[in-house]
Amino acid sequence: MKIYEGSVLICDAENKVCRYLVEDCGKIVYTGDELPEEYKNSERIELGEKALIPSFTDSHIHFASYATFLAGLNVADAKSNTEILESIREFVKKCDDKLIIAFGASPHSVIEKHFVTREQLDEVCPEKPLFMVKYDGHTCVINTKLLNLVRKKAENLRGFHPESGEMNQEAFFAVSDYVTNSVSIPKLLKNMQKAADHMASRGIGMIHTVSGVGFPLDMDVSMENWFGKGLDNGLNLRVFFQTMDVDKVKRMKLPRIGGCFATALDGCFGSEDAAMLLPYEGSENKGVIYYSDEKVTDFCKKANRAGLQIEMHAIGDAAFEQATKALKAALDDFPREDHRHTIIHACLPTEEGIRICGEYKIGLAIQSAFIDWPQEPNDYLERILGERAKKLNPFKTYFEHGIVMSVGSDGPCTDPDPINWIYKICNNGEESLPVQEALRMCTYNGYHQTFDEKERGSLEAGKIADMVILSENPYEMKAEELCNLKVEKLILGGKDYKELSENPIKQVLRGFFK
């Protein structure tokens, strides 16, 4: 039994703060301002100026991809293509992998203001296939070696550009599937363990992963599911299957369907293929809407009737409109009181879509890390969107309509960092929210998104003691200072987080037999 004394931020609906929390056998047995006599002789942990909060959630991450890229070459901080290419050249010399993976390149944050090309990649890596993924995770550039391997799979798909080596839309998905299949399972699992430890160091106790990128027999979905069930250190993982095949999900006995890839309704702003109601500035381009309204609506109706929780990617206003209307049609067809359907990103909403979300209790998994994103800067968004750029990420408006928002990294697009998420939510101009709501979005609401809030997500008696110690009390800090917060410790089930060190195959087998 342990007593935590100091600033205990409950993160319940009233945003209560109390002086004491008592943990026993992994559960919270008491919170309050007066310590009952029966607990007074227990071990006491003085928080001092620190604060105790619930553990964070990452409510949208491509976990296997994030793990793969985390182990590869990250060039997100490069200031020029020359720097990117030199980094690749040096990385290739030290890397024994048969296929080279790099991530994070942005044409908007380098001095050349354009993406690297296939010919440039050939100069620094002629002998091995090379997969260079753009920061937004929706586009890549490949060298000739990899182009020759994927040509038959991708050449008849939208977004195939062999001259430059750039692949986007369906062609990107095909190349990504090929690359993912090329990574050995033992190495991928080890990378996933390291990624889980990295996320835990940021105070994340629950991971919502979207899976399903082309493995034979959907082995990646099963593998992530078994990986999560095999965790024995208190970390939790929930899997969303990125497919529109409802029958397949039911056969696998999974409760959730959706994500990106096969359930992405549009592209992204970085490639100017997020689906727009009006054209991008100075062009006739309205982006790409992947599916007809009829197909999305039919999918939502079938998944909703099957009792599944639905998630769909929608960034542009046309995609947001399509997603909200399809979910409304599904819930009109077969009403469900507590469905937890969610739209991912929701960067540029419409008034009608916001109204539908509020009325039909459709949640949003937002990415506040996209605000003031160095790889996709404000001046770029203003140039392609004009006045519409001012309407991006309207968190306060969503909140005022009673919409439940959770927060995710969309890793590998951004590195999971809940402190950054909170800072961005509280420093978003007229659409800012108070820190109490920002913290709840990053904790309780994430657990609520996957029906886990009865056991976790707030520091209430009877719940599992999944907690984080912060360096300061965020409720007492100025909004502009929140970026200085530090995660000092992650506690899961009442125990300090233990890094994953066992053979990952053993972990997955344990999950399989569970």
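Brief remarks on what is shown
- For the stretch 465-505, applying the loop criterion from DSSP together with a ceiling of 12 other beta carbons within 10 Å to the trypsin sites (Lys or Arg not before Pro) yields K478, K486.
- Under Karplus coefficients 6.51, -1.76 and 1.60, residue-wise ³J(HN,Hα) of the stretch 195-208 in Hz, glycine/proline x: 5, 4, 4, 4, 5, 5, 5, 8, x, 8, x, 9, 10, 9
- q = 0.08, 0.15, 0.17 Å⁻¹, the stretch 188-456: log10 I(q)/I(0) [Debye, one scatterer per Cα]: -0.30, -1.16, -1.50
- Inter-centroid distance (Cα atoms) of the stretch 199-222 relative to the stretch 77-94, Å: 28
- DSSP-defined beta bridges in the stretch 74-179 - what % are antiparallel, rounded to 5: 55
- Protection proxy ranking of 35-45, 422-432, 5-15, 200-210, by the mean of other Cβ atoms within 10 Å over each peptide's residues and highest first, is 200-210, 422-432, 5-15, 35-45.
- Remark on D266: its backbone amide H falls under 5 Å from those of Y290, I315, a criterion applied only to residues 5 or more positions apart or on other chains, H modelled at 1.01 Å from N.
- Across the stretch 443-449, computed HN-Hα scalar couplings (Karplus, 6.51 cos²θ - 1.76 cosθ + 1.60, θ = phi - 60°) run 10, 3, 5, x, 5, 4, 4 Hz from first to last residue, x flagging Gly and Pro.
- Ranked by the mean number of other Cβ atoms within 10 Å of their residues, highest first, the peptides 78-91, 269-282 come out as 269-282, 78-91.
- Counted charge near I204, where neighbours are those whose Cβ lies closer than 11 Å (Asp, Glu -1; Lys, Arg +1): -3
- Between amide H atoms placed 1.01 Å from N, distances below 5 Å from R44 occur with I3, all of them 5 or more places distant or on a separate chain.
- With both residues required to sit in the chain, DSSP beta bridges show an antiparallel share near 45%.
- Dividing the summed helix terms, -39500 (n - 2.57) for each DSSP H run of n ≥ 4, by the number of residues in the chain produces a 222 nm estimate of -10000 deg cm²/dmol to the nearest 500.
- Backbone geometry of the stretch 500-514 corresponds, through the Karplus equation with coefficients 6.51, -1.76 and 1.60 at θ = phi - 60°, to 3J(HN,Hα) couplings of 7, 10, 6, 4, x, 5, 4, 4, 5, 5, 4, x, 4, 6, 5 Hz, x marking Gly and Pro.
Bear in mind these aren't lab numbers, they're just calculated from the coordinates by the rules spelled out. Please read all numbers here as calculations on a predicted model, not as lab measurements. Glycine gets a Cβ as well: all are built from the backbone with ideal geometry, and neighbour counts include every protein chain shown.
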